[in-house]
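A short worksheet on the structure shown next.
We did not get these values from a lab; they are worked out from the coordinates using the rules stated. Since this is a predicted model, take the numbers as computed values, not measurements. For neighbour counting, all protein chains shown are included, and Cβ atoms are generated from backbone atoms with ideal geometry for every residue, glycine included.
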Amino acid sequence: MKQALTKLSKICLYLTVFLIPLFFLPWTANVLDFPKQVLLLLLVFLSLIFWLISCLIEGKIGLNFNWFNWLVLLFLAVLGISTYFSFYPYGSFWGLPLDVNQGFVTGLGLVLFYFLVINVFKRKEIFNLLFVFIVSGFLAGLFGILQIFRQFVFPFDFSRMVSFNTIGSVNSLAIFAGSLLPLLSVLVFVAKGIKRILLIFFEISLLVLLFVVNFWVAWIVLFAGAAILFVVGITKREIFKINWLSLPIFLLALGVIFGFLKISLPGLPSTPLEVSPSHQATWEIAVQTLKDSPLVSLVGSGPGTFVYNYSRFKSEVLNQTNFWATRFNTGASEILDKLATLGILGLISFLAILVGIVLVAIKSLKGEEKTLGLGIFAGWLGVVVAFFFYPANLSLNFLFWTFTASLVAISNEHKKSWDFENYPKVAVLASFVFIFLLIIGIILNFWSIQRYLAEVDYLKGLKAIQTGDNTLAINYISGAISKTNGKQDNYWRDLAQVYIFRINEEFQKGTPPESLTQVVSPLFTSAVNSAKTATDLSPKSVANWAVRGFVYRSLIGLVGGAEEWATISYKEATNLEPTNPYLWTELGRVHLERDEIEKAKENLNKAISLKPDYAPAHFQMARVFVKEGKTKEAIDRLEATKWIAPFDSGLAFQLGLLYYQDKQFERAKGEFERAVILNPNYSNARYYLGLIYDTEGKKEEAIEQFEKIAELNPDNSLVKKILENLKNNKPALEGITPSQPPIEELPPERIEK
């Protein structure tokens, strides 16, 4: 029975190393790291339970007491403390909606995986574990090559792209392969028979992947691993035959040519570009973050919270790039990310692990499995080098901990054992630990699965928004909120926006005022409460405050005090992201709604100083001129802005509207026609275009415009009356009181994620 349970524990670990590099699920927005986290927790928990039961049945427990274990526990403790004091503890604990890879739960799963490997596997079995891992890595690499050459295997929309693979980005896939290659070079020497043939094939395949992707960091990773193989091979002749060194020398040469000299091969398919903050920018953000407070300097802002630090401290220079509105979840490298999010203690504890493994590796080179130990250490070193140049995802972190556990397992197999008959207190303690871990494991996995189901609902909600079914979207996102006990801020944030979309739908239906109030009042309340809940859960998130500001701004004139709260929300957002011109523009827009002209000018000028080519700020400044009765200045401003944003349909419409109000009907018609060409569903542009056609006597053209509006807004009574007039050969607005507004449209607002 004990052997069967131990075998089941090992099978779970074999499945873990095989599936983690390959696993993905298509039913959530995050198809890679989040499903991998759920799988990691489940398999590690099952392995732990099988192993503990086997110990209880045998009446004896044996543990691999290696001094290095204390360094691992220290790092986990710092990770836990940082999570507790995080800017957003829930997000840091689970990872999602922040960076799943950096979440405490992911770290806990990886550490448990490490302890299980060193306690469940014997030294001689590590080769088999690594072989299974390499098979998985080969399959991931092969799939990645097929993707790059557009030989798509899966039918999902997201998988029919060159950038998709089961590791992460194309560059992270290359780093994964580059880290496996030094180990493969050693295993080829160690293995025999069919395994050697397979390993040679795997090595050639992964090397081909490196050539195809040609990412310089991956070549540096390969160079670092090959350098260790070469140095040790020269100094310790008893490990390898001298002719074997030609392989590390060959890999070293490739690393120099493609990693340091960055030579490109012609004729290969192009791979997607990957954008991230520079190392200098990431370092500066980390330093500024640590200056926030003594506590933050010690334990950082919390696992996965780099996006908050980036928003607050990013350079104004970024506004002159295409990525000015992008909020990066990670920095330029894993090491710098840890400095910002885990603080000085987090970085020191992780660096202590790196130093500790070097000492463990030195010991392993003197043991029975010195050849295998050299290969593992070479691969491990490659991953560590990558951490200094590139941000890790869950697959790369798992690679690091697999190598770490394997090195410790082959360097020290001596276990300290306690027989329960001789140590009854140990038996009681072991039983207590078993029950405790069983309860914790069940709870964690239950919550993990619940959160996965919540993400499934959330993705369905996003798809419903895209199809225009906002009522269905509210149901799905509300379901996601329920499954996470209302703790996940992005669900509330997006739900608030969907309520605003629903309010807009009701206004477009032309519902009588007495009925409209009864319908939309609950939607007002729900939108405000949802936006407030998001900021309460994560007050350091600029996205939450921006959406809260958007909600209140959308309700100006409908809910008392909305102007004041919109101002407060956007001010808080500008504090959290002071270099974002969008936020200053929105703040100016609110002041404009409140007729606070000077404050509006001040904020809009701030936005324009941050990004001189930011068209919305110029447009709002034109509105300021209109408020001041300076129509010519407003027109001049929008005409200049037109060259900045020639494909902005909203700008074309507003310029046409100014021409229309200034009686420049020919120019107005040209801008309205341009707006319709840019956006065929722009009802307001078609409305004024139809009126101009009517005044020109072009009844058929006018009818065509209003019929399209009726198709887009079938419940609008104003459009029906206008069409009736036109078809009876009457002026479009005959019998229509001036107080009746044109088609009211909410401008398309993107869901903040």
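Couple of notes before you dig in:
- Tensor-based shape of the chain (alpha-carbon gyration tensor, a/c under 1.5 rounded, otherwise prolate or oblate): prolate
- For the chain, the longest principal axis of the alpha carbon atoms and the long axis of helix 489-508 meet at an angle near 20°.
- Legend: distances between Cα atoms for Lys611/Lys669; Lys642/Lys721; Lys60/Lys124; Lys509/Lys601; pairs beyond 26 Å are Lys611/Lys669; Lys642/Lys721; Lys509/Lys601.
- Candidates per trypsin sites (Lys or Arg not before Pro) in region 204-300, loop by DSSP, up to 13 other Cβ within 10 Å: Arg237, Lys241, Lys262, Lys291
- Paramagnetic reach from Asp636 in region 657-677 [backbone N under 12 Å; point 7 Å along Cα→Cβ]: none
- Region 241-301: C-alpha gyration tensor shape, a/c 1.5 cut-off, then a/b vs b/c: oblate
- Net charge of neighbours whose Cβ lies under 13 Å from the Cβ of Pro391, counting Lys and Arg as +1 and Asp and Glu as -1: -4
- Karplus (6.51, -1.76, 1.60) ³J(HN,Hα), θ = phi - 60°, over region 394-400, in Hz, Gly and Pro reported as x: 5, 5, 5, 5, 5, 4, 4
- Spatial separation of Cα centroids for region 318-363 and region 75-145, in angstrom: 16
- A DSSP coil position with no more than 11 other Cβ atoms inside 10 Å describes the following GluC sites (Glu not before Pro) in region 356-460: Glu421.
- Ordering of 31-39, 273-281 by burial proxy (mean other Cβ atoms within 10 Å per residue, highest first): 31-39, 273-281
- Cross-link partners of Lys370 among aspartates and glutamates (Cα-Cα below 20 Å; sequence separation of 8 or more within a chain): Glu125, Glu238, Glu413
- Length-normalised contact order for the chain - Cα pairs under 8 Å, 6+ apart - percent: 12
- Long-range HN-HN contacts of Lys60 with modeled amide H, under 5 Å: Phe420
- Assuming charge only on the beta carbon of Lys and Arg (+1) and of Asp and Glu (-1), the dipole of region 1-153 about its Cα centre is about 480 debye to the nearest 20.
- Between region 652-694 and region 179-236, the C-alpha centres lie 64 angstrom from each other.
- Using a simple spin-label model with pseudo-atoms 7 Å out from Cα toward Cβ, Lys7 and Ile443 lie 3.5 nm apart.
- Once you reduce region 250-289 and region 401-471 to the center of their Cα atoms, the two points are 35 Å from each other.
- Mean Cβ neighbour count within 10 Å, used as a protection proxy, ranking 123-136, 382-395, 649-662 highest first: 382-395, 649-662, 123-136
- Selection of trypsin sites (Lys or Arg not before Pro), region 356-451, meeting DSSP coil and at most 15 other Cβ within 10 Å: Lys366, Lys415
- Relative to the Cα centre, the charge distribution of region 561-694, modelled as +1 at Lys and Arg Cβ and -1 at Asp and Glu Cβ, gives a dipole magnitude of about 260 debye.
- Förster radius 56 Å - calculated FRET efficiency between Ile344 and Ser521, Cβ distance, rounded to 0.05: 0.60
- Once divided by 2.2 N^0.38 Å, the Cα radius of gyration of region 376-504 becomes 1.70.
- Alpha-carbon Debye profile of region 335-421, log10 I(q)/I(0) at 0.15, 0.25, 0.26 Å⁻¹: -0.62, -1.22, -1.27
- Each residue of region 14-20 is assigned a 3J(HN,Hα), and the resulting list reads 4, 4, 4, 5, 7, 8, 4 Hz, derived from the Karplus form 6.51 cos²θ - 1.76 cosθ + 1.60 (θ = phi - 60°), x at Gly and Pro.
- Potential lengthening between Val428 and Asn728 on full extension [0.36 nm per residue; Cα-Cα distance subtracted]: 98.7 nm
- Sequence-distant aspartates and glutamates (8 or more away, or on other chains) whose Cα lies within less than 12 Å of Lys630: Asp662
- For region 584-658: rounded, prolate or oblate by the Cα gyration tensor [a/c cutoff 1.5]: oblate
- Helix-only mean residue ellipticity at 222 nm for the chain, each DSSP H run of n ≥ 4 adding -39500 (n - 2.57), per residue, nearest 500: -23000 deg cm²/dmol
- Summary of packing: across the peptides 634-642, 109-117, the per-residue average of other C-beta atoms within 10 Å ranks them, highest first, as 109-117, 634-642.
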